[in-house]
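Have a look at the structure below, then the notes.
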Amino acid sequence: MDIQKLQKAFEHKGYVFRYFDTLKQCCDYLDTAIDGVTVGLGDSQTLMEMGVYERLSLHNTVYSPMHPGAGEDFYSAAEKCTHTQVYLVSVNGAAETGELVNIDGFGNRVAGSLYCHERVYFVFGVNKIMPTLQEAVDRAKNIAAPKNAKRLGKKTPCAKSGDKCYDCSSPDRICNALTVHLHKMSRVHAEVIVIGENAGL
């Protein structure tokens, strides 16, 4: 993978681009860049693996559906994430041409990435990167979504087989919205941070 080519593609789309070799280096950067503000986290395995909630909570007010507070559940914590100054999220797929892809069931991750924050950070490992937008979409549907459905214990065909999307009508379906960021959203500072390790699903 050509990091300079990737940087050029995302900068052309309006993002600030950063690359770090390891999850720790990325977490160190975020810990320095985000200070004294309210922070929302998308429910992301990449962010969990990085330990960013624990680090940022030391000097920020951080909300995370994966770390609900007393008297909260996933959904009430996710709602608080939509009203923060800063939002961190990963992606299910990214294209070398500069597009970002996410699939969501409840809508909290994609909503947070689109609107209402001063700064948004898209954080993902090299395993999420595909040559084209179509391949990034295919990865989100046929690799990331089945793995996430299985991780969450969902009763869907993809969770049982683990091989592909079956476009099911299960009540447990987690693929209710597919969002493609073709370009940085207007009036927001957005950074794309690529990590030179496999991270997340």
Suppose we keep only residues that are surrounded by fewer than 18 Cβ atoms within 10 Å (Cβ to Cβ) and modelled with pLDDT of 95 or more within the range 128-154. Which one would you say is farthest from R187 (Cα to Cα)? N142
Tally the residues that are over 20 Å from H12 (Cα atoms) and polar (S, T, N, Q), restricting the search to the range 103-145. 3
Quick one: A111 ticks every box in (1) in contact (Cβ under 8 Å) with a residue 40 or more places away in the chain; (2) among the small types (G, A, S); (3) closer than 14 Å to G40 by Cα except a single one, so which number is it? (1)
Selected residue [modelled with pLDDT of 95 or more and either under 18 Å from H183 (Cβ atoms) or assigned to a loop (DSSP other than H, G, I, E, B) (or both)] from G112, G98: G98
Listed residues T32, T22; which is modelled with pLDDT of 95 or more, in contact with an Asp or Glu (Cβ under 7 Å, 6 or more places away or on another chain) and more than 19 Å from V188 (Cα to Cα)? T22
Is it fair to say G51 is touching a helix residue (DSSP H, G or I) at 6+ places or on another chain (Cβ under 7 Å) and surrounded by fewer than 17 Cβ atoms within 10 Å (Cβ to Cβ)? yes
From the set of residues in the range 1-49 that are among the aliphatic types (A, V, I, L, M) and in a loop (DSSP other than H, G, I, E, B), which is farthest from P131 (Cα to Cα)? V37
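For every residue, the table says whether it meets (1) among the charged types (D, E, K, R); (2) at pLDDT 95 or above; (3) under 20 Å from A78 (Cβ atoms); (4) surrounded by 16 or more Cβ atoms within 10 Å (Cβ to Cβ).
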site	(1), (2), (3), (4)
C116	no, no, yes, no
Y121	no, yes, yes, yes
D163	yes, no, no, no
I174	no, no, yes, yes
L182	no, yes, no, no
H189	no, yes, no, no
V192	no, yes, no, yes
Tally up the residues in the range 58-81 that are part of a loop (DSSP other than H, G, I, E, B) and surrounded by fewer than 14 Cβ atoms within 10 Å (Cβ to Cβ), please. 6
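The values are calculated or read from the model by the stated rules, or taken from the named source; none is laboratory data. Given the structure is predicted, the values throughout are model-derived calculations rather than measurements. Quick reminder, even Gly has a Cβ in these numbers, built from the backbone with ideal geometry, and neighbours come from all protein chains shown.
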